Number of protein chains: 2
Amino acid sequence: MNKYFISLLEEETPKYIIITRHIKKLIDANKIEDGERLPSIRGLAEFLDVNNVTIVNAYKKLQSEGYAVQKIGSGTYAKRKDISKNFKKEYSEVLKKISSKALYEYIDFTGETPNNAFFDIGAFKNVINEVLDRDGAEALVYQEALGYEGLRESISEVFWANKVNSDDVLIVSGAQQGIDIVSKALINTNDSVIIERPTYSGALSVFKSRRADIFEVPMESGGVDVERFEKILKKNKIKCFYTMSYFQNPTGMSYTTEKKKQILRLAQIYDFYIIEDDYLSELIYDKDIEYRSFKSLDENDRVIYIKSFSKIFLPGIRIGYLISPIKFKDSIQNSKINTDISTSSLMQRALDLYIKQGFWKDYISNLNNLYKDRYLFTEKCLKEFLGKKVDFISPGGGLHFYLKIRDCIKVDSINLFRMAKNRNVLITPGTLFYKNPSDGRQYFKMGFSKTNENNIREGVEVLGHLME
Amino acid sequence: MNKYFISLLEEETPKYIIITRHIKKLIDANKIEDGERLPSIRGLAEFLDVNNVTIVNAYKKLQSEGYAVQKIGSGTYAKRKDISKNFKKEYSEVLKKISSKALYEYIDFTGETPNNAFFDIGAFKNVINEVLDRDGAEALVYQEALGYEGLRESISEVFWANKVNSDDVLIVSGAQQGIDIVSKALINTNDSVIIERPTYSGALSVFKSRRADIFEVPMESGGVDVERFEKILKKNKIKCFYTMSYFQNPTGMSYTTEKKKQILRLAQIYDFYIIEDDYLSELIYDKDIEYRSFKSLDENDRVIYIKSFSKIFLPGIRIGYLISPIKFKDSIQNSKINTDISTSSLMQRALDLYIKQGFWKDYISNLNNLYKDRYLFTEKCLKEFLGKKVDFISPGGGLHFYLKIRDCIKVDSINLFRMAKNRNVLITPGTLFYKNPSDGRQYFKMGFSKTNENNIREGVEVLGHLME
C-alpha cells in the first residue's frame, strides 16, 4: 500500500483527481503493473483518509481514461496503456492541430511528399480543362473496373516500355488502397505475413486489421536479413512479404539487385508472394544506385507491384496502380470493386494527359534537381550538428533520413518529439514504425521535403541542443 | 450407380467429354449431391464399359471446371458450383463487354444511376476552374483526415440544417467505401450482421469478406419483417443491421416512419447499430412518401449514416459521406485512413462549390421532373405488357422496379437475362441480391434511368414475348 502515499493538500483540485493522477503516474512508471489489482475502495479510502466516494470517482475516472478495468465482483485492475497507441494519437493530433493553424511557424521534418511549391498548377489546370472539353460528362460518369484505359496505356508505355500489358494494370486510389485491397484479396485471419522491421505504419495497420500473423525481419543496408528471413520461411507457411524496394520507409535503405534476386528465389521455393511498394524510386541522387524493381526481375509471377502517384506527385490526387500476378488478378479486381467501385475518373483522365503531354517527365526531372541539393545539404547539417549524437546511413535518394540516437544520449525519440515540438520543430519518432513500438524509441525520421535550407540548418541545430 | 447410365454414342465427341457433361448435369440437378463421393475410376469404367483413362480424364476435367475435388487416397468428390458466383461473373462480363462496345445498340435496364445527358458539364467545369484559381496546388495536395472542411460545412448546412456538426461528417469515396470502412471498424470474424433479403450485392460482398455471420430478414412493403427481426435478436448478439431506407435496392420498397422507430427501439434494447445507406432518397415522386431518415429519428446515437453522391450525382466523382455515432468516430476515421488515406481533394472542393452555388439543388430538382415522367411511363408499360406475367409494387420514387415472375411463367431470371441479352435487352436477375442466390431466380430488376420512353416500351415488349 505504501506506493499509494500521496499528498492531498493541493488546493481547489478535487481529491479524486489528485488520486487519479497519482495512480496514472504509478501505472505509467510500471510501479503498478499491468493487470495488477488496485486496492479495495474501502481499503484505499481508509489508507488515504478520504470518503469511499472519492475512491469510487477516482476509479471511474481511471476506467474512462483507459487506465483501469473493472471486473464485476472482483474489483478494479490496472491497465497499462499501449504507449504507441496513445503516442500515435498524440502525434497525429499534433500534426492536425498544427496543419490547421500556421504550419509556417514550424520547421516541419514530418513531410513525406514533395513540396507543392514545385508543382506547376497551371499545366494541370489546362489538362483538366482539355479533358472536360474532350470527354464532357463522360469524364465524371464513366467507370471502368480496371481504371481509365488511356491511363493504363500510358502507364504501360511510359513506365514499363510496353513490357506490361495495359490490361494487367489496375488503377487504385493511392498506394494505401493498393495495400488494403491486396490484403483483402490475399490475407485471411491467421495467415502469415513477413514485413521489414521497421516498416511503414500504414501497411502494419492493414495487416493487423486483417488479423494476420506478422513476422518482422530486420532491415539492413542492402535489404532485409535473408538468413533470418529463410529461418521464418522454414518454420511457417508465409503468404506474402511486404517490402519497399527503394529508400524504405523509414530506414531509407534500398535493396541490392542480388538481394532482390535471392528473395525472388525464396518466393518460388517457399511459395509466397512479394508485395512491392515502389513509392519513391523516381528520386535517385546517387548514380551508383540502379533502378531494378522486384517486378522487373520477377520471372515466376511472384510480385504484386504497387505504385503510388500520390507520394511523388500530388497527395490529393489519390491515384496509384498495381500489377498483380495472373493468379490473383480476379480476386484483387473484385476486392477493388468491393472497396470503392473505382477511382475518380476525371483525375485519372487528367493524369493520363499530364503524362502523355510530357509534363510528368519534366516534373520528376525538376524534383530530382531540387531535392538532390537539399538532400546533400541536409546530410551536411546532420554530420555537422548531430555527428556525435546520432548514427545514420545516407540513402542516396528519397526525401528523408533515419537517425539512431546514440546510446550515450539519454533521450528517447518520443521525448525528443515533445521537446522539439515546443521549440517549433517537428520530427517523426521511430516508435510508429515497429510492431512493438518501444523498439523504435532510439530512432527518429527526418524528412526534408517541406522545408528549406535555412530551416533545415536551424531545425537540426535545435535537435542538437535538445540532445545535449 | 444407375444415375450414371449414359449414351456414349455421340459421334466425334470424345467419350470423356460426354461423361463429364453428364456428371455436371447430375450435379447441377442435385442428383449427385454436393460432397458426394463419385464412383471409383475402375468401377465407373467397368459400368460404362470404357477405359480407366477415359474416367480419369473426365474426373480431371470436372476438377478443372470446379465440379469435383480430389482428396488424396480417398477418391473424387462432387462439388456443387455456386450458381451465383458463376453467374455474377457472367453478368459483369456481359456488361463490361457491351459497355466497351456499343451500348447504344442495347436497351439497358441495368443502369443504377442517372443519365449523364441531364448533367450540365459546363457548370461543373466552371467550379473546378474556380477552385484551381482560388486554391492553386493546395487543391491537389492538401489532405484532411475528415475530408475538406468546406464540403463538410456545406453538407451540415444544406443537408442537415446545421443539426449535424461538420466535425461529425467524414468524407468517403462513395457509399461502397462507406460500407467497407464501417465494416472494417465494426465487424470482426464471426460477428453477426442482419441484412435485408434481398439486398445490395456490394454490401453482401463486404460482409462476407469480413467473415461475418449473416442473417437475412425479408423485405416487405413498409420495411423488414420486424417480428422475424426480433426473433433473430433474441437468439443472437447482433452487431449491426444494414438497411437502405428509401427505394431499397433491389425491391424498391421504403420504410414507414413507424417501422423505422420500431427498429431504432430494438437497436437500443438489443444493443446493435444501424448502417443506413441513404442512396436515392432525393428522388421521391409520390407525395405521400415523407423523407425521414433513420438518422433523423435517432435519439440514442445508434445510426451510422452513409450517403453517396456518386449514385444520384456523378458515379465517376467518387464522393460520399458518413456520420457515425460518437462511439465509433475514431475507429471509423482510422479505418478510412488505412483504406486510402483520404478522398480526392479537388473533387471535394469542386462539389463543395457546386453545392454552395446552388447547382446541386437545381440539378436534383431537374432530375425529379425528368424521372418522375419516366417512372410513370415505365409503370404504365409494365402494367400493359407484363401485367399478367409479373407482380410488382410501385416504389413511388427511385430509378427502378423489381419484378416477380409469376409461378405460371416457366422461365427463371437467369435464363430471361440470357434470352433478353440476345434480343439486345439487358436486365438484372434477382439472384445477385440474395445470400443464397437461387432465392432470386423468380425476380429481376429493371432500371429505367439509362433509357428513353421508346426504348422502355420496346424493351418491356421484348421481355413480354420472352416470357410467353
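The values are calculated or read from the model by the stated rules, or taken from the named source; none is laboratory data. Note that this is a predicted model, so its numbers are computed, not measured. Using ideal geometry, Cβ is built from the backbone for each residue, glycine included, and neighbour counts are taken over all protein chains shown. All accessible areas refer to the heavy atoms of the entire protein, side chains included, with ligands and DNA or RNA removed. Shrake-Rupley method; radii C 1.70, N 1.55, O 1.52, S 1.80 Å.
Assorted remarks:
- Checked against the criterion of being in the same structural domain as A:Ser92 (by TED's automatic domain parsing), among the β-branched types (Val, Ile, Thr) and farther than 14 Å from A:Ile107 by Cα, the candidates A:Thr431, A:Thr451 yield just one match: A:Thr431.
- Checking A:Gly147, A:Gly174 one by one, the residue that is open to solvent by less than 20 Å² (accessible area, probe 1.4 Å), at pLDDT below 95 and more than 9 Å from every other protein chain (Cβ to nearest Cβ) is A:Gly147 and no other.
- Check on B:Lys60, within 14 Å of chain A (Cβ to nearest Cβ) and open to solvent by 90 Å² or more (accessible area, probe 1.4 Å): no
- Residue pairs whose Cβ atoms lie under 8 Å apart, sitting 6 or more positions apart in sequence or on different chains, and linking a residue in the range B:294-314 that is within 9 Å of B:Ile274 (Cβ to Cβ) and open to solvent by 10 Å² or more (accessible area, probe 1.4 Å) to a partner that is not in a strand (DSSP E or B) and not aromatic (Phe, Trp, Tyr), are B:Asp298/B:Leu264; B:Arg302/B:Leu264; B:Arg302/B:Ala267; B:Arg302/B:Gln268; B:Arg302/B:Pro325.
- Some residue of the range B:405-419 being assigned to a loop (DSSP other than H, G, I, E, B) and closer than 15 Å to B:Lys88 by Cβ: no
- Residue, modelled with the lowest pLDDT, within the range B:184-209, restricted to residues that are more than 16 Å from the chain's Cα centre (by Cα) and within 14 Å of chain A (Cβ to nearest Cβ): B:Thr189
- For the residues A:Ala267, A:Ala212, the requirement of being free of Cβ contacts under 8 Å to residues at least 60 places away in the same chain, crowded, with 20+ Cβ neighbours inside 10 Å and within 14 Å of chain B (Cβ to nearest Cβ) singles out A:Ala212.
- Residue that is more than 29 Å from B:Ser331 (Cβ to Cβ), touching a Ser or Thr at 6+ places or on another chain (Cβ under 8 Å), open to solvent by less than 10 Å² (accessible area, probe 1.4 Å) and aromatic (Phe, Trp, Tyr), where the choices are A:Tyr242, A:Tyr246: A:Tyr246
- Scan of the range B:116-128 for residues that are at the interface with another protein chain (Cβ under 7 Å from one of its Cβ atoms) and of a type in the set (S, T, N, Q), ordered by number: B:Asn116
- For the range B:435-455, filtered to residues that are in contact (Cβ under 8 Å) with a residue 24 or more places away in the chain and in a helix (DSSP H, G or I), the residue that is surrounded by the most Cβ atoms within 10 Å (Cβ to Cβ) is B:Gly440.
- Verdict on A:Thr251 being more than 19 Å from A:Asp301 (Cα to Cα), surrounded by fewer than 16 Cβ atoms within 10 Å (Cβ to Cβ) and modelled with pLDDT of 95 or more: no
- In summary, B:Thr113 fulfils each of the numbered conditions (1) closer than 30 Å to B:Ser201 by Cα; (2) more than 9 Å from every other protein chain (Cβ to nearest Cβ); (3) in contact with a helix residue (DSSP H, G or I) (Cβ under 7 Å, 6 or more places away or on another chain) with the single exception of condition (2).
- Any hit, the range A:219-237, residues being surrounded by fewer than 18 Cβ atoms within 10 Å (Cβ to Cβ), closer than 19 Å to A:Tyr434 by Cβ and either within 19 Å of the chain's Cα centre (by Cα) or not assigned by TED's automatic domain parsing to the domain that holds A:Gly178 (or both): yes
- Qualifying residue in the range B:64-73 (condition: over 30 Å from A:Asn338 (Cα atoms) and surrounded by 13 or more Cβ atoms within 10 Å (Cβ to Cβ)): yes
- Within the range B:74-91, if we keep just the residues that are modelled with pLDDT of 80 or more and open to solvent by less than 60 Å² (accessible area, probe 1.4 Å), the residue that is farthest from B:Ser413 (Cα to Cα) turns out to be B:Gly75.
- Test result for A:Tyr371, out of contact with any Phe, Trp or Tyr (no Cβ under 6 Å at 6 or more places or on another chain), in the same structural domain as A:Glu93 (by TED's automatic domain parsing) and not in a helix (DSSP H, G or I): no
- Residue check, B:Ser394 in contact with a helix residue (DSSP H, G or I) (Cβ under 8 Å, 6 or more places away or on another chain), within 14 Å of chain A (Cβ to nearest Cβ) and in a loop (DSSP other than H, G, I, E, B): no
- A:Glu138 being out of contact with any strand residue (DSSP E or B) (no Cβ under 9 Å at 6 or more places or on another chain), surrounded by fewer than 18 Cβ atoms within 10 Å (Cβ to Cβ) and more than 9 Å from chain B (Cβ to nearest Cβ): no
- Qualifying residue in the range B:116-128 (condition: within 22 Å of B:Asp28 (Cα to Cα) and modelled with pLDDT of 85 or more): no
- Subset of the range B:183-207 [open to solvent by 30 Å² or more (accessible area, probe 1.4 Å) and either touching a strand residue (DSSP E or B) at 6+ places or on another chain (Cβ under 7 Å) or outside the structural domain of B:Ser324 (by TED's automatic domain parsing) (or both)]: B:Asn190, B:Asp191, B:Arg197
- In this structure, B:Arg349 does not satisfy being of a type in the set (Lys, Arg) and free of Cβ contacts under 8 Å to residues at least 60 places away in the same chain.
- Flag if A:Phe377 is under 30 Å from A:Lys125 (Cα atoms) and open to solvent by 10 Å² or more (accessible area, probe 1.4 Å): no
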